[in-house]
Amino acid sequence: MMTMILCFILFVLLIWAMINRLFIPKLTDKSEKRVTYPLLSVLVPLRNEERNVGDLLSSLSKVTYPNVEFIFLDDGSTDQTRPLLETYSQSLTNVTIIDGKPLPKGWVGKVHACYQLGAKARGEFLVFIDADIRIKPNTLHKALQLLEKHKAGLLTGFPFFPTTSFLSKLLVPMQHMIVLMHLPLFMANYTMKPAFTAAHGAFMFFSRAAYEKAGGHQTVQNSLVEDVHLTRAVKKSGSKAIIANVTTDVTCHMYDSNKEVWEGFSKNIFPGIGRSVILAAFLSIFYFMLFIVPLPLALFGLFTFQFYYLLPLTLTWVIKFFIDRSMNQEKWLWLFMPLSAISLLLVLYRSMSLSFNGKGFVWKGRRYS
């Protein structure tokens, strides 16, 4: 009976993911010629990003959009970020490099850096990207087209994530899983309801009007998940926000090591669900029953030659395979789905522990409560 119930629920979730996938638009494929090209400001905060500077600026040097300014903010880096910026920025035109001001009390470092960048920008559209982002040459053109098509004030999306370390393979692509499994994308993309919101701070494409109307980064100055909170502010202020499938156009080299994955997810995951213990309990039950239990059931079925016990694990794999393929993620990661679910819960509990024990979260050498 338990096996049949699990299979039914997993099948419903598969159908849900397939339907939900229909409501996440891709960037426009054709780069149509425009009568006018409004100025786009590409804004990049950097703190100790020497490993990313070269590839980042190489990517940006290939941008085909004809009217763009690039502004980089060095946020107190102690490595070679600044001299590398000065060297590699020679491949770009219309470039400004600024030094970040000291972090005021009550602000999160990245949020303060983005606030300064927004104040410096002159563009009609503001494109905030992280240093670990790489974009294809016509990405800005395509993103602008989709933003205008939906008459939206913000376009964001979860990029393609190359993975290196084992923990990154387990956890980083789960971001796509969470969006397609837990967020009703019709409500997120076609209504103004702030409750139905997701965003990825590594790629945020605003109209200046919507950004300023929402209050900009100043309105989320103390948020560790500023991308989601700023997206909600955009909706509350009366502008649409679109989550797009940007995986063919935007790549995010998010974390290089297991330690970075663990620390990064620990910083974001519990604050990302509003520090809700009730929601954490629900997610624990959801992932344990639907994505972890199928593995021991399958092993039991193999050892007892009762092969119908393999059905829940098979459906679990099919769900992950569908989502990975839909979002252009690496092959074969779906095989790790039970381990991914275990890792997700462990990092959730770690994030809760850091939140409740008073130690707070450490990121980029700064500690946040």
Show me, for region 133-148, the HN-Hα J-couplings you get by feeding each phi into the Karplus relation (A = 6.51, B = -1.76, C = 1.60, θ = phi - 60°), rounded to Hz, glycine and proline as x.
8, 10, 10, 6, x, 9, 4, 5, 4, 5, 5, 4, 4, 5, 4, 5
Please give, to one decimal in nm, the separation of the simple spin-label points placed at T93 and T78, each 7 Å out from Cα toward the Cβ.
4.0 nm
For region 112-230 (alpha-carbon point model, no solvent) the Debye-based log₁₀ I(q)/I(0) at q = 0.09, 0.15 Å⁻¹ works out to -0.26, -0.76
Enumerate the lysines that K105 could reach by cross-link, defined here as Cα to Cα under 28 Å, with residues fewer than 8 away along the same chain left out.
K120, K213, K235, K236, K259, K267, K359, K364
Applying 1/(1 + (r/R0)^6) with R0 = 22 Å to the Cβ-Cβ distance of F282 and I15, what FRET efficiency is obtained, to the nearest 0.05?
0.60
If you take every residue apart from L92 with its C-beta less than 11 Å away from the C-beta of L92, what net charge results, scoring Lys and Arg +1 and Asp and Glu -1?
0
Summed residue charge, Cβ within 13 Å of W334's Cβ, Lys/Arg positive, Asp/Glu negative
+2
Taking the chain as a Gaussian network, where each spring joins two C-alpha atoms under 10 Å apart, which residue of V44, V108, V293 fluctuates the most?
V293
Tilt relative to the chain, helix 337-356 - C-alpha long axis, 0 to 90 degrees, to 10:
60 degrees
Across every pair of different alpha-carbon atoms, what Kirkwood hydrodynamic radius in Å does region 1-124 reach?
18.0 Å
Histogram of C-alpha separations across region 258-367, 5 Å bin width, %
2, 11, 17, 17, 17, 15, 10, 6, 3, 1, 0
The extension gain from I5 to L346, computed as 0.36 nm times the residue separation minus the Cα-Cα distance, is 120.2 nm
Once amide hydrogens are built 1.01 Å from N within the peptide plane, the residues lying 5 or more places from V250 or on another chain with amide H under 5 Å from its amide H are F160
Starting from the Cα of K331, draw a straight line to each of the lysines and keep only those under 18 Å, dropping any in the same chain fewer than 8 residues away.
K169, K320
Say each of K62 and F186 gets a label point 7 Å from the Cα, pointing the same way as Cα to Cβ; how far apart are those two points in nm?
3.9 nm
Just to check I understand the Karplus step: with θ = phi - 60° and J = 6.51 cos²θ - 1.76 cosθ + 1.60, what whole-Hz values come out for region 84-95, glycine and proline as x?
5, 4, 5, 6, 6, 5, 5, 7, 10, 10, 6, 10
Using a Förster distance of 45 angstrom, determine the FRET efficiency expected from the C-beta separation of F300 and N258, and round it to 0.05.
0.90
Percent relative contact order for region 133-229, counting Cα pairs under 8 Å at least six residues apart, stands at 33 percent
Just one of [x] 1.27; [y] 0.97; [z] 1.01 is Cα Rg over 2.2 N^0.38 Å calculated from these coordinates, so which is it?
[z]
Percent relative contact order of region 69-138, based on C-alpha pairs within less than 8 angstrom and at least six residues apart?
35 percent
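Read-outs: derived from the displayed coordinates by stated rules, not from any lab. None of these values were measured; they are calculated from a predicted model. When we count neighbours, we look across all protein chains shown, and the Cβ atoms used for this are built from the backbone with ideal geometry, even at glycine.
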